[in-house]
Amino acid sequence: NEKLQKQFIVAAAELCLRDYEAEGIACAAVATCPDNAAQIALLDGRGGVMRLLDEECSLPRGSERAYVDKLRSAWTASHVFARPPPARQQRGGPAVARAGWATVGLSFGRLTGAFGGPGGGEEPSPQFVVRHYAADVTYTVDGWIERNRQQFPPELGALLASSRCPLLQQLFPPPRDVSSDPQLAGTPRGGMGRTTVLAAFRASLAALSTTLETTAAHYVRCIKPNTAQAAGEFDGEYVARQLACTGVLSVIDVSKVGFPVSMPKLHFLNSYRCIAPAAAAAAGSAPPQGG
């Protein structure tokens, strides 16, 4: 989401500002576009959330608490990384989301402790907070290493891949040759030579980003009218926060500085040369054939 948000800001705002500057349109009064480069570095950069998890999975005695301790040590000074407040530390279970738009709690582990499951007397699961472009999110690291190592028996995967059922063939494709894939070459392994889940995900995300950068993308931003999912209710403050966080307001500011409709100069001159033929001729516009 952070990378897709960055691409939206670049395509819808930053590129327009560069065109304005090249064409001499004053745009100094435009507010700075939202920049989530710090979040992307935290999540996918060197020593970030994804790469540190892959490194921890490659250690024989890697643990989730050691993983979170390394994150805290490396990113304590970052303004987009934080520790959860003490009240949000749930014993053995996920963080509970506070009401409203500001904070969301997420857990990729089992529901335990606070929901009556096992773990009431266990040490609290390690947590950390990422200040995303839209909201602060608390992550509970419960079972991440086991899931990321992708300890799926290769023999079972090969058996399912050889099935005649089209659905099973799609769900369990043959293993990819890591050595011949530039996206996966040199990526961490989760044990027994298998690529970790995050390494494969990052390769897929890189391929998607490359595809999007080569296309003329059009964006549709979905805005929720209220938090209750109720019909006929419009929460203006909630909607305004979404518009600001997603960069829509910045894109509107950029559009207000320039012109709502753009066209090639020669096309404009040929379309309206009848109003000022002398000026059009001086600008190098030739009369269209037949008129």
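The values are calculated or read from the model by the stated rules, or taken from the named source; none is laboratory data. Keep in mind it's a predicted model, so treat the numbers as computed, not measured. Using ideal geometry, Cβ is built from the backbone for each residue, glycine included, and neighbour counts are taken over all protein chains shown. Protein only, heavy atoms only, side chains kept; ligands, DNA and RNA dropped before computing areas. Shrake-Rupley method; radii C 1.70, N 1.55, O 1.52, S 1.80 Å.
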Look at Thr187 and say whether it is touching a Pro at 6+ places or on another chain (Cβ under 7 Å), among the β-branched types (Val, Ile, Thr), more than 16 Å from Gln7 (Cβ to Cβ) and at pLDDT below 85. no
Kindly list, by first and then second residue, each pair from a residue in segment 156-171 that is without any contact (Cβ under 8 Å) to a residue 24 or more places away in the chain and hydrophobic (A, V, I, L, M, F, W, C) to a residue that is in a loop (DSSP other than H, G, I, E, B) and surrounded by 11 or more Cβ atoms within 10 Å (Cβ to Cβ), limited to pairs with Cβ atoms under 6 Å and residues at least 6 apart or on different chains. Leu160/Phe172; Ala161/Phe172
Restricting to segment 118-128, and then to whatever is open to solvent by 10 Å² or more (accessible area, probe 1.4 Å) and modelled with pLDDT of 80 or more, can you tell me which residue is farthest from Leu71 (Cα to Cα)? Ser125
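Each row is one residue, and each column tells you yes or no for (1) under 14 Å from the mean Cα position of the chain (by Cα); (2) modelled with pLDDT under 80; (3) aromatic (Phe, Trp, Tyr).
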{"site": "Leu4", "(1), (2), (3)": "yes, no, no"}
{"site": "Ala31", "(1), (2), (3)": "no, yes, no"}
{"site": "Asp44", "(1), (2), (3)": "yes, no, no"}
{"site": "Gly62", "(1), (2), (3)": "no, no, no"}
{"site": "Ser78", "(1), (2), (3)": "no, no, no"}
{"site": "Gln90", "(1), (2), (3)": "no, yes, no"}
{"site": "Val96", "(1), (2), (3)": "no, yes, no"}
Out of segment 136-162, which residues are open to solvent by less than 20 Å² (accessible area, probe 1.4 Å) and within 17 Å of Arg65 (Cβ to Cβ)? Thr138, Thr140, Val141, Asp142, Gly143, Ile145, Asn148
Is it true that Val137 is in contact with a Leu (Cβ under 6 Å, 6 or more places away or on another chain) and at pLDDT 85 or above? yes
For Ser204, state whether it is assigned to a helix (DSSP H, G or I), under 16 Å from Asn1 (Cβ atoms) and touching a Lys or Arg at 6+ places or on another chain (Cβ under 7 Å). no
